[in-house]
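FYI, it's all coordinate maths here, none of it is from the lab. This is a predicted model, so every value here is computed, not measured. Cβ: placed from backbone, ideal geometry, glycine included. Neighbour counts: every protein chain shown.
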Amino acid sequence: MNLVEKISSDMVSAMKSQDKERLTVLRMIKAAMQMEHIDKKRELNDELVIDVVNKQVKMRQDSIIEFEKGNRSDLIEKTEGELAILKDYLPTPLEENEVLAIIDEAFNLVKPVDSKDMGKIMKEVTPKLKGRTDMGKVSQIIKEKLS
């Protein structure tokens, strides 16, 4: 069962069990998927779902930071609950040593000469790491290795 089907079946389960919080989050994911599908003419597949869920996770994390600044513990708690539901639909994150191994493998394959080869390395590692780790951190690691 792919993620699109899983979200649909989980929506039905949430409706039957009257889990309003889960249902709200799943509807939000489904709406964001449909918007992405229509706006960018992307096929509804696992990659699209992961991209959408990652964006939603990032939005929730930013919201939590803002709520902390405003001392809104009620909203922090609600948003953390949504975040937990969203993370159910992401692939398991990679450990740091696994990420480093993939980066090292890309370095061996590309054999970069200087920092201009950053794009080649990112092109090599992105399909393996996207959605499973923070790509900003990956970029930082690659920059450090290149210098």
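Set Lys and Arg Cβ to +1 and Asp and Glu Cβ to -1, take the dipole of the chain about its Cα centre, and tell me which of Met33, Ser63, Ser17 lies farthest positive. Towards the positive end, the residue furthest out is Met33. Helix-only arithmetic for the chain: the sum of -39500 (n - 2.57) across DSSP H runs with n ≥ 4, divided by the residue total, places the mean residue ellipticity at 222 nm at -25500 deg cm²/dmol. What you get for the chain, charging only the Cβ of Lys and Arg (+1) and of Asp and Glu (-1), is a dipole of about 420 debye around the Cα centre. The value given for the stretch 96-146 is a Kirkwood hydrodynamic radius of 10.7 Å, derived from the mean inverse Cα-Cα separation.
Here the gap between Ser73 and Met59, fully extended at 0.36 nm per residue and compared with their Cα-Cα distance, gives a gain of 3.3 nm. Which of Leu26, Leu83, Leu109 ends up with the largest GNM mean-square fluctuation for the chain, with Cα atoms connected below 10 Å? Of Leu26, Leu83, Leu109, the most mobile in the Gaussian network model is Leu109.
Dipole size of the stretch 65-147 about its Cα centre, with +1 on Lys/Arg Cβ and -1 on Asp/Glu Cβ: approximately 460 debye, rounded to the nearest 20. Rounded, prolate or oblate for the stretch 3-87? Axes are the square roots of the Cα gyration tensor eigenvalues, ordered a ≥ b ≥ c, and the cut-off for rounded is a/c under 1.5. Here the stretch 3-87 falls in the oblate category.
Applying 0.36 nm per residue to the separation of Ile141 and Ser13 and subtracting their alpha-carbon distance, the gain on full extension is 41.9 nm. Measuring gaps between exposed loop sites in the chain (GluC sites (Glu not before Pro); DSSP loop; at most 15 other Cβ atoms within 10 Å), the longest gap, sites not included, is 96-147.
If R0 equals 22 Å, the separation of the Cβ atoms of Met35 and Glu5 corresponds to a calculated FRET efficiency of about 0.70.
Listed cross-link partners Lys55/Lys120; Lys55/Lys87; Lys111/Lys143 are compared with a 18 Å cut-off, the Cα-Cα value being larger for Lys55/Lys120. For the pair Asp46 and Glu98, the difference between a 0.36 nm per residue extended length and the Cα-Cα distance amounts to 16.5 nm. Put simply, the chain fits an ellipsoid with semi-axes of 33, 20, 13 Å; these come from the alpha carbon gyration tensor as the roots of five times its eigenvalues, largest first.
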